[in-house]
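The values are calculated or read from the model by the stated rules, or taken from the named source; none is laboratory data. As the structure is a computational prediction, the values presented were derived from the model and not from experiment. Neighbour counts run over all protein chains shown; Cβ positions are idealised from the backbone, glycine included.
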Amino acid sequence: MALSHSLGFPRIGRDRELKKALEAHWRGELDKAGLRAVGRELRAAHWQLQKDAGLELLPVGDFAWYDQVLSHSLMFGAIPERFRPADDQPNLDTLFAMARGAGSGCCGGGHAQELTKWFDTNYHYLVPEFTVDQRFQLSWEQLFEEVEQAHALGHRVKPVLIGPLTYLWLGKVKGAGAEGFDKLELLERLLPVYGEILGRLAALGVEWVQIDEPILGLDLPQDWKNAFERGYHLLQHAPLKKLVACYFSGLEDNLGLAVGLPVDGLHVDLVRAPEQYPIVLDRLPTYKVLSLGVVNGRNIWRCDLDQALEVLRHAHERLGERLWVAPSCSLLHSPVDLAREDQLDAELKGWLAFAVQKCAEVAVLARALDDPEAAPVQAALAASRAVRASRAASPRIHNPAVQARLEAITAADSQRQSPFAERIERQRARLQLPAWPTTTIGSFPQTAAIRLARQAFRQGKLSQAEYTEAMHSEIRHAVQVQENLGLDVLVHGEAERNDMVEYFAEQLDGYAFTRFGWVQSYGSRCVKPALIVGDLSRPRAMTVEWIRYAQGLTGKVMKGMLTGPVTMLMWSFPREDISREVQARQLALAIRDEVQDLEAAGIRIVQIDEAAFREGLPLRKAQWQGYLDWATEAFRLCASGVRDETQIHTHMCYSEFNDVIESIAAMDADVITIETSRSDMELLEAFETFDYPSEIGPGVYDIHSPRVPDTGEMVRLLRKAARRIPAGRLWVNPDCGLKTRAWAETEAALVNMVAAARQLRGELA
Ligand code: GLN
Ligand code: ZN
């Protein structure tokens, strides 16, 4: 009998109950007991859902009040000094202070721990903070309490831990002596706590524990590989069985290491890296369990059961009971329950599977191995085949016009008419901008009034004409403010946009939307990505009327504002039947039409945001160039259909560019605006060794904070930038869009920003 299990279930709840409870607690409307009760109910409900779906071994430890990495930091007593409670007993207040920061009143006060992306997902974890003299000690009972809760409910469970090497890898050493300190030195100090945890779990009657080591899918330095052997050797004698799990990427050069670890089982991700299957199987020691992740934990499509079964049957013949069946990774990254979607049409709904449905897929696959003739197995296989057939023929997916257009793309389509040096002269002559031109990144404050107007329009309470007028009035306000401030290149303010991806997705053919397809992003924050269902195309212009209206209000240059193909793709659930590259190209063609329509409407600058360009980088360096090539190509395809004198801007809101700077240059945008203020222009170090050819707007103030920087500070940053980039190529702008800010602080900051540009112009003259 092949065992079916899951690596983790979404914690947020099918109606985002955890989000609501957390936010009520933070507002002071729900006490700790109430919050704990919500957690207990959610865990009980989620175990039951998984069990009802047919899974045999259920995860514990996948629940977290904010983030599972943070729970581990508490468990290990890795609590930065500034949060350490007086009695040394961390509690929920400590946890939330570490996650969200704390005023001086609580927990010693202090800024929150850093938040960053969990591998290549859109989930964000709290970066563990260590000191050089870090000590670890078991300080948090949550995992044991949850195991007891599950046992009391009669469940057979498998606690999930982040492995010691992955945990250390994710952390950062701070404070005195941090520079030059190798955090691997902390391993010996950390392992005894793992030993203690494993002992406690064994004493609770736990048979199997899952130890997640996703860094086995990364390019690891040799000393980290060695540390794996050392570390797991030390944990070898813990009195329970260990399943080491790797996901999001293939084991590749770490394969020998992974299969050889002195543990009892290995989980691999066959969705991301199917090619590793035969080698893993060959090299797996005969005493070990192999868990095959065949159901995609990161997307919303139903699994092709026949295809999965092909591999599973083969493995089952070889491994028998040593074969386990699982989703590729934790289901944290997929929405909770498709059954909740009451407004999706039957055809589309039939193609989808959320976490609950994925558990059922895993269970039926395991059952199919032992009992292929069972009626539920036959029914599931028939349904899966029907889906495949309906998708193969559906006009909703296959659009011959889009495919023909893709076929007809030539190299010239991703090539501007002239090289940058010639274009920029024409653009300068046409735009007549001063030195140190000032602009903003696109959005202005999304006030309550704006959101209410959008909502009322959606609900039919506002007519089209009333809604248009409400938005026009916002645009008039934004233009007026910008003219008063004396900005050089204006924007319309994006009042009509709920979200920079969804706004465009809603206007493209080929996209679909769910009502409840929420996925946790961090803490109580969830996102609901749009679904790329079929070939993508743009039936009509998407932004032209708004931008034309805005341009009509001013003699200054109005910048058109679009989201780029790579970002559209990264922040959607993609198709699996065609490559990401092809989807990016379809998006590029749709956006290209919009760029050209804006040009035809007299718009002289078009900005194409690529906020997600860098996060698309694969986990393995060897795959970087392949990605960068098609991502760059997609951007060029969407941006190159215009005349030389039309200026193309792009925007990226992060600052780690050093390793991709050549691809950024290859995008061939005329101007790029980037985030740099928080890193004090450090980003520009990349420009020291690489001669970036085009114009750059390094952000001069941080829009994430309400703080209003003064003029001197911005002048200092710009001078610093001018040491690396010729002043004639610099623009002056904030780090990112201003939609999360209020008008008062926005205007105050922009007054100072314009003054900074003027001061520098004066010096130049
Ligand atoms: N134009 C967008 C805005 O200003 C860009 C947002 C982003 O880069 N995340 O809001
Ligand atoms: Zn940005």
Has region 717-728 got any residue that is surrounded by fewer than 15 Cβ atoms within 10 Å (Cβ to Cβ), at negative phi, more than 16 Å from ligand 1 (Cβ to nearest atom) and part of a loop (DSSP other than H, G, I, E, B)? yes
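Here is a yes/no grid of residues against (1) within 16 Å of ligand 2 (Cβ to nearest atom); (2) in contact with a Leu (Cβ under 9 Å, 6 or more places away or on another chain); (3) over 30 Å from Glu56 (Cα atoms):
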residue: Glu347; (1), (2), (3): no, no, yes
residue: Leu352; (1), (2), (3): no, yes, no
residue: Val387; (1), (2), (3): no, no, no
residue: Gln415; (1), (2), (3): no, no, yes
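Just checking, which of Ile703, Ile696 is within 16 Å of ligand 1 (Cβ to nearest atom), in contact with a Cys (Cβ under 6 Å, 6 or more places away or on another chain) and either without any contact (Cβ under 8 Å) to a residue 12 or more places away in the chain or not charged (D, E, K, R) (or both)?
Details: Ile696 fails: in contact with a Cys (Cβ under 6 Å, 6 or more places away or on another chain).
None of the others qualify; the one that does is Ile703.
With without any contact (Cβ under 8 Å) to a residue 40 or more places away in the chain, surrounded by 14 or more Cβ atoms within 10 Å (Cβ to Cβ) and in contact with a helix residue (DSSP H, G or I) (Cβ under 8 Å, 6 or more places away or on another chain) as the only criterion, which of Leu338, Leu381, Leu365, Leu352 stands out? Spell out the reasoning first.
Numbers: Leu381 fails: without any contact (Cβ under 8 Å) to a residue 40 or more places away in the chain; Leu365 fails: without any contact (Cβ under 8 Å) to a residue 40 or more places away in the chain; Leu352 fails: without any contact (Cβ under 8 Å) to a residue 40 or more places away in the chain.
After applying the criteria, what remains is Leu338.
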Show the residue pairs that are 6+ apart or on different chains and have beta-carbon atoms under 7 Å apart, the first residue being within region 433-445 and in contact (Cβ under 8 Å) with a residue 60 or more places away in the chain, the second being among the hydrophobic types (A, V, I, L, M, F, W, C) and within 11 Å of ligand 1 (Cβ to nearest atom). Thr440/Val491; Thr440/Leu738; Ile441/Cys736; Gly442/Val491; Gly442/Met561; Ser443/Leu738; Phe444/Leu738; Pro445/Leu738
Would you mention how many residues in region 606-655 are more than 18 Å from the chain's Cα centre (by Cα), buried (at least 24 other Cβ atoms within 10 Å of the Cβ) and closer than 14 Å to Ile672 by Cα? 9
Those residues of region 161-188 which are surrounded by fewer than 16 Cβ atoms within 10 Å (Cβ to Cβ) and either part of a helix (DSSP H, G or I) or touching a Phe, Trp or Tyr at 6+ places or on another chain (Cβ under 6 Å) (or both) amount to Glu185, Glu188
Given the structure, is Val481 surrounded by fewer than 23 Cβ atoms within 10 Å (Cβ to Cβ), within 23 Å of Asn752 (Cα to Cα) and aliphatic (A, V, I, L, M)? yes
Residues (away from ligand 2 (no atom under 16 Å from the Cβ), among the hydrophobic types (A, V, I, L, M, F, W, C) and in contact with an Asp or Glu (Cβ under 8 Å, 6 or more places away or on another chain)) located in region 692-739: Val708, Leu717, Leu730
Region 395-441, residues that are under 30 Å from the mean Cα position of the chain (by Cα) and within 27 Å of Met753 (Cα to Cα): Thr439, Thr440, Ile441
Among the candidates Ala346, Ala326, single out the residue that is small (Gly, Ala, Ser) and in contact (Cβ under 8 Å) with a residue 12 or more places away in the chain. Ala326
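Can you give me the number of residues within region 640-658 that are modelled with pLDDT under 85 and within 16 Å of ligand 2 (Cβ to nearest atom)? Walk me through how you get there before you give the answer.
Start the filter on region 640-658 by keeping residues that are modelled with pLDDT under 85, which leaves 653-658.
Keeping just the survivors that are within 16 Å of ligand 2 (Cβ to nearest atom) gives 653-657.
Looking only at that region, the number is 5.
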The residue that is nearest to Val700 (Cα to Cα), considering only those in region 740-751 that are more than 16 Å from ligand 2 (Cβ to nearest atom) and touching a Pro at 6+ places or on another chain (Cβ under 7 Å), is Glu745
